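The values are calculated or read from the model by the stated rules, or taken from the named source; none is laboratory data. Since this is a predicted model, take the numbers as computed values, not measurements. For the accessible areas, the whole protein counts, side chains as well, though only heavy atoms, and no ligand, DNA or RNA atoms are used. Shrake-Rupley method; radii C 1.70, N 1.55, O 1.52, S 1.80 Å.
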Amino acid sequence: MARLPYADLAQPQINELVTQIEAERGSVIHLYQMLLHSPAVAQGWLNHLTGIRLNSQVPGDLRELIIMRVAILNRAPYEADQHAPIALKEGVTQAQLDALDDWRDAKDIFTEQQRAVLAYTDEMTLNIQVPKDIYDAVEQLFNEQLVVEITATIATYNMVSRFLEALQIHTDDADQK
């Protein structure tokens, strides 16, 4: 159960934002139901995540592997619940999702690019500072724009999981009507 009640979506001052979220995301998921306690933060969050998820050049499979790995490392099940179906639609295989906990041992399941990005994700998430060899592997495989966008994706979904877990937002919470 979330630590705070979810925002009342019928509040007139957030009506426009609720409509925008529904149009862009299909529904107002628990994450946004919580963020709507602060309309300015919810709007900024929506704009930022739209840029990361929908307007970057990071291939969908890499983006979703990043998100799923961050969810695992940060013990954020809501994030994983939301993104597993998206990952499968973006071309991540069920075998890859199943192997993410121990991806280093799954040598034949992940491509060279995926392995480099997963190593980078692990270092950014667990250690913050990234060793030169891990960074160099990413830089050799991707252009400058993609390096920046991959880095921003990892950083962003660490922010998401930390918000979710601090406020204990979970899939089985009752929806706000």
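Kirkwood radius and radius of gyration were both taken over the C-alpha atoms of the stretch 82-123, and their ratio Rg/Rh is 0.95.
Note: relative contact order over the stretch 1-138, using C-alpha pairs below 8 Å and six or more positions apart, is 17 percent. Sorted from greatest to least, the principal axis extents spanned by the alpha carbons of the chain come out as 51, 30, 29 Å. The accessible area of residue 142, taken with all protein chains in place and a 1.4 Å probe, comes to roughly 20 Å².
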